[in-house]
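See structure below.
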Amino acid sequence: MLIDSRARLSPSPVEEVVARASRVILGKERQIRLAMACILARGHLLIEDVPGVGKTTLSQTLARLLGLDYQRIQFTSDLLPADVIGVSIFDRENSTFRFHPGPIFAQIILADEINRASPKAQSALLEAMEEHQVTAEGETRPLPEPFFVIATQNPLHQVGTFPLPESQLDRFLMRLRLGYPDARAERELLRGDERRDLISHLEPAMTAAQLVELQRAVTAAQVSEALLDYVQALVAHSRTSPRFSQGLSPRAGLAVLRAAQAWSMMQGRRQVLPEDVQAILPAVVGHRLHGAGESQKGGFDAATDLLTAVPIP
Amino acid sequence: MSGGLPNAALDVRNVLWLLASMAFVVAPHAARLPPWVGAFFAAMLAWRGWIAWRAGRHAPRALVLLLTAGAVAATFVSYGRIMGRDAGTTLLVLMAALKLLEMKTSREVVLSIHLGFVLVMTNFLYSQSIPMGFYMLACVWLFVATLVGYHRGTGRAPTLRERFVPSGMLLAQAVPLMLVFFILFPRMQGPLWALPQDAHAGLSGLSESMTPGNISTLIQSEAVAFRVQFDGDIPPYGALYWRGPVLWNFDGRTWRMPEFTIAGSLDYARAERPVRYAVTVEPHGKHWLFSLDVPGEVPRGAGLRHDLQLRAIRPVDARRRYDMVSYLDYRYGLHLPAAFRRMALAFDDRHNPRTIALGRRWAAESAGPVEVVNRALAYFNARFTYTLEPPLLSSDDPYDEFLFDTRRGFCEHYAGSFALIMRAAGIPARIVTGYQGGEMNPLNHELIVRQADAHAWVEVWLEGRGWVRVDPTSVVSPTRIDGGINAALGPIGVIPTLIAADRLHVLANLRYAWDALNSQWNQWVLGYNVDRQRQFLESLGLAVGDWKRLGLWLAVASVAVGGLVGLGLVLRDLPGRRDPAVVAWERYCAKLAAAGLARQPWEGPLDFLARVEAAHPAVADEARGITADYVQARYGAGLGRGALRALQARVRRFRPA
């Protein structure tokens, strides 16, 4: 029975990742699940929140649990593209230039405080995200697979930030907000161990090969005509309703579908339901949608408006 | 396409499709029109194709004008006129080719496609058979497919499927309206349009005269002369004498119909064993109609001659159906006026002297006319051979040569010489031509009379008995009369040979089925005239007054049918045509809403289920089952028919507290 199947898949590696990560980041199981869905759908993840709520901790935890090769790039205002991609240095012994790969040559990149860097350095990273390859000194080098970027950024009104343009925001499949922990989680946090120690003791819950296999399985989740009708109705409403300043792009519609497929698979189902779309929609369209008019609602609220305005066909 | 914007309509694919469609529609004309027409058409198409393919230069305007003038002139030279069926079709084909050649703009492409539709109709002037109907339908489909491709513009070439499926749908949508127009369009008496004079060249059939040898050419023909539907039992085969032209005048070699006409009457001294039937006669271009000996009534639009020959007022240029009554047992013409007696005894005694001498000798030796007749029949029976390929009779005395030298002949030899002997013996005699027998189609119980059944026999006038039919052929070859021409001679031609070899009668049955189908087509499609229309509409309970009333019906029915088709199309394209699983689901939601738990329009099935489980734990199991089925139907692989019914039944039984 499809409805009881949620339990059946619980010992799966994905559930294991979620369970272990929940022990490190307390009270944020939903965000952890969304982040997993993002990875399974082969999208990049943007985490936006005020400093100190665990953005970096989440990304480090995921990297370790997925058993991936991990690099962290701290974005600053004086970061240069070469610091991301790598440089060629003249080797005196062989009289040749030798390429020293930058931190981007890893399976999982934590791009910390991406909006502190200049647009030039930002675009070096964002191009790599889109193409899955980098071009340095006229030579194109492929990036490892899987390749996955978790970027964090501070809310835009903070000092010393270069906001990402909308075209580059669009390259992130999801944007998550962690938010403050609730009282119980915060108490546990205050009483508990040092988070960094916990991370260093984490064992991987799956291999890179398993992850690639799961990513492939996501695309097999069944999407019915009725569900496509629903996704199209959502997209169409965002374009025609005066409540939104700009409608969703076809790429956004595709992102919704892919993320919903990943979500349905994580629920242990073969077919995608409207609930799956609703679960991922705020994270997927939050950074692409803006309320219009006087309300100027932020993306998450706008997404909720969209969900309640469109009946399931 | 040098310079200017690229023209989507003149895309090479569209032009080549148009050329191919044109070639397809004109192809049947290749055998009908002079060879130069086909050659010219093919050359123009090839040239236009080359221009499209290589983006070459268009033909100079002056040259096109010159070609046009040349085409008109050549048509005139070929036919001596530019009107009429053949000349008109030729002109249309040539002009279509020239239009293709000078085609440069989108408007001209559309014009050419519509010209193609007109060309489709020209085929109908030559053949109205079922295969031609299908061929023309294929032509129309092809042109609509061309039109579809043209409206796609440039870009990816539409696949064959993308061309033929939408055009087929368009044609299918037009079918109801077509039927309405066919059934209700006011018909005129006679054919809808008068076919030009030359449309009936080469029709075969009987003629006004009979010379030894001319019926045997007919016998080679398998063409249908007419079909008969009997109302009730079919008379014995030997009684099936279909009376046609009656020949009185004899010049020593040829028997002819008299020039003058005297109306006859249907007053018979005895008229018994009536037979009722309907005849559907194929066009033969002459006036006569056929009836069983002897006709008991005169069809509408026809007259009766004194020799009981039925004559239509207008030549039979189109297929014609008429109801008839005949008397198989009859006695008529008891009184023979002196003028007719003279005609029925006249002969030229400079020809066939031996035959005449024979007749005179028998008359002198016999007690009366009946004895002469019997003697002549016995004579034929004893010494003659029935054959379709008699020796050529070339002399001035053909019947002498036949009776005394060759003695091999066919019905016209026997009838002609027999009648001459009678006249020489002083017994009034005349030749009746027509058909004998026919072939029963076991599938629709229709008698098919073919040209091969053509026959000639003799009528002699006897005092006290009137005109009596005597068939000398029957004593020479009784099987000819009892079994038909194939029985007498063995199979003739290719198809009958195959049929004779066909032990299981597969071919024979196919042939009968095909003929039955053709007969229906003739009666209901081609022969759907004023009377048939009235008869059909009255059987539907529609009172048909004059053509204005019919026109009103036509308008009402076209609006109604067009509206229905349109409504169907609109409904089909409405978003979210009701999926039965959705209907069941909505019913389930409505029941829960009535129980106080309304589903939000944006609420998914599983979210709603969670609320139902919490609010109505008593029906939680049922709700789970319904939700699982609905999810499977709507978002999964779908439900089978049985599972769908089970879902509907579950929803019906569902009773939230």
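The values are calculated or read from the model by the stated rules, or taken from the named source; none is laboratory data. Remember, predicted model here, so these are calculated numbers, not experimental data. Note that each Cβ is placed from the backbone with ideal geometry, even for glycine, and that neighbours are counted across all protein chains shown. Just the protein is used for accessible areas: all its heavy atoms, side chains included, with ligands, DNA and RNA removed. Shrake-Rupley method; radii C 1.70, N 1.55, O 1.52, S 1.80 Å.
Kindly list, by first and then second residue, each pair from a residue in region B:354-371 that is assigned by TED's automatic domain parsing to the domain that holds B:Phe418 to a residue that is open to solvent by 40 Å² or more (accessible area, probe 1.4 Å) and of a type in the set (A, V, I, L, M, F, W, C), limited to pairs with Cβ atoms under 9 Å and residues at least 6 apart or on different chains.
Matching pairs, first to second residue: B:Arg354/B:Phe404; B:Thr355/B:Phe404; B:Ile356/B:Phe347; B:Leu358/B:Phe404.
Those residues that are assigned to a helix (DSSP H, G or I) and open to solvent by less than 10 Å² (accessible area, probe 1.4 Å), I need them from region A:262-275; list them, please.
A:Ala262, A:Ser264, A:Pro274
Got a number for residues in region A:15-50 being touching a residue at least 12 places away in the same chain (Cβ under 8 Å) and among the polar types (S, T, N, Q)?
1
Taking the condition of being more than 14 Å from A:Ser59 (Cα to Cα) and in a helix (DSSP H, G or I), how many residues in region A:176-199 meet it?
Residues meeting the conditions: 10.
Regarding region B:558-579, can at least one residue be identified that is within 12 Å of another protein chain (Cβ to nearest Cβ) and within 21 Å of A:Arg270 (Cα to Cα)?
Checked region B:558-579: no residue is within 12 Å of another protein chain (Cβ to nearest Cβ) and within 21 Å of A:Arg270 (Cα to Cα).
Considering only region B:634-657, state which residues are within 9 Å of chain A (Cβ to nearest Cβ) and either in contact (Cβ under 8 Å) with a residue 24 or more places away in the chain or surrounded by 19 or more Cβ atoms within 10 Å (Cβ to Cβ) (or both).
B:Arg634, B:Tyr635, B:Gly636
Can you run down the residue pairs with Cβ atoms below 8 Å, 6 or more apart or on separate chains, where the first is in region B:413-430 and farther than 12 Å from B:Pro369 by Cβ and outside the structural domain of B:Asp349 (by TED's automatic domain parsing) and the partner is of a type in the set (Gly, Ala, Ser) and buried (at least 24 other Cβ atoms within 10 Å of the Cβ)?
Every condition considered, no pair remains.
For region B:604-631, which positions are crowded, with 19+ Cβ neighbours inside 10 Å and out of contact with any Ser or Thr (no Cβ under 9 Å at 6 or more places or on another chain)?
Within region B:604-631, B:Gly604, B:Val619, B:Ala623, B:Ile626, B:Thr627, B:Ala628, B:Asp629, B:Tyr630, B:Val631 qualify.
Do you know which residues across region A:20-56 are open to solvent by 20 Å² or more (accessible area, probe 1.4 Å) and closer than 23 Å to A:Pro144 by Cα?
A:Arg42, A:Thr56
Give A:Ala252, A:Ala279, A:Ala220, A:Ala260 a once-over and let me know the one that is farther than 16 Å from A:Leu40 by Cα and among the small types (Gly, Ala, Ser).
Just one listed residue meets the conditions, A:Ala252.
Does any residue of region B:603-614 turn out to be modelled with pLDDT of 90 or more and more than 14 Å from chain A (Cβ to nearest Cβ)?
Yes, region B:603-614 has at least one match.
Identify the single condition in (1) open to solvent by less than 10 Å² (accessible area, probe 1.4 Å); (2) more than 12 Å from every other protein chain (Cβ to nearest Cβ); (3) touching a residue at least 40 places away in the same chain (Cβ under 8 Å) that A:Arg251 does not satisfy, given that it satisfies every other one.
(1)
Would you mention how many residues in region A:174-210 are open to solvent by less than 20 Å² (accessible area, probe 1.4 Å) and in contact with a strand residue (DSSP E or B) (Cβ under 9 Å, 6 or more places away or on another chain)?
Of the residues in region A:174-210, 3 are open to solvent by less than 20 Å² (accessible area, probe 1.4 Å) and in contact with a strand residue (DSSP E or B) (Cβ under 9 Å, 6 or more places away or on another chain).
Can you tell me which residue within region A:52-74, out of those that are part of a loop (DSSP other than H, G, I, E, B) and touching a Phe, Trp or Tyr at 6+ places or on another chain (Cβ under 8 Å), is nearest to A:Val212 (Cα to Cα)?
Per the criteria, the residue is A:Leu68.
Output yes when any residue across region B:273-296 is more than 23 Å from B:Val449 (Cα to Cα) and either in a loop (DSSP other than H, G, I, E, B) or open to solvent by 60 Å² or more (accessible area, probe 1.4 Å) (or both), and no when none is.
No: zero hits.
So, in region B:584-593, exactly how many residues are without any contact (Cβ under 8 Å) to a residue 24 or more places away in the chain and either away from chain A (no Cβ under 13 Å) or surrounded by fewer than 16 Cβ atoms within 10 Å (Cβ to Cβ) (or both)?
3
In region B:29-41, which residues are open to solvent by 30 Å² or more (accessible area, probe 1.4 Å) and in a helix (DSSP H, G or I)?
Within region B:29-41, B:Ala30, B:Ala31, B:Pro35, B:Trp36, B:Gly38, B:Ala39, B:Phe40 meet the criteria.
Taking into account only those residues within region A:224-242 that are in a loop (DSSP other than H, G, I, E, B) and surrounded by fewer than 17 Cβ atoms within 10 Å (Cβ to Cβ), which is farthest from the other protein chains (Cβ to nearest Cβ)?
Across region A:224-242, the extreme among qualifying residues is A:Pro242.
What strands (runs of 3 or more DSSP E), lying completely within region B:435-497, carry at least 1 residues that are surrounded by 19 or more Cβ atoms within 10 Å (Cβ to Cβ) and at pLDDT 85 or above?
B:446-450, B:454-462, B:466-470
Only one residue in A:Leu211, A:Leu202, A:Leu173 is assigned to a loop (DSSP other than H, G, I, E, B) and either closer than 28 Å to A:Ser12 by Cα or among the hydroxyl-bearing types (Ser, Thr, Tyr) (or both). Which one?
Result of the check over A:Leu211, A:Leu202, A:Leu173: A:Leu202.
Can you say whether A:Ala279 is open to solvent by less than 10 Å² (accessible area, probe 1.4 Å), within 14 Å of chain B (Cβ to nearest Cβ), assigned to a helix (DSSP H, G or I) and of a type outside the set (Ser, Thr, Tyr), as far as the supplied structure shows?
Here the answer is no, as A:Ala279 does not meet what is asked.
Could you list, in sequence order, all residues of region B:42-62 that are assigned to a helix (DSSP H, G or I) and touching a helix residue (DSSP H, G or I) at 6+ places or on another chain (Cβ under 9 Å)?
If the condition is that a residue be assigned to a helix (DSSP H, G or I) and touching a helix residue (DSSP H, G or I) at 6+ places or on another chain (Cβ under 9 Å), then B:Ala42, B:Ala43, B:Met44, B:Leu45, B:Ala46, B:Trp47, B:Arg48, B:Gly49, B:Ile51, B:Ala52, B:Trp53, B:Arg61 are the ones that fit.
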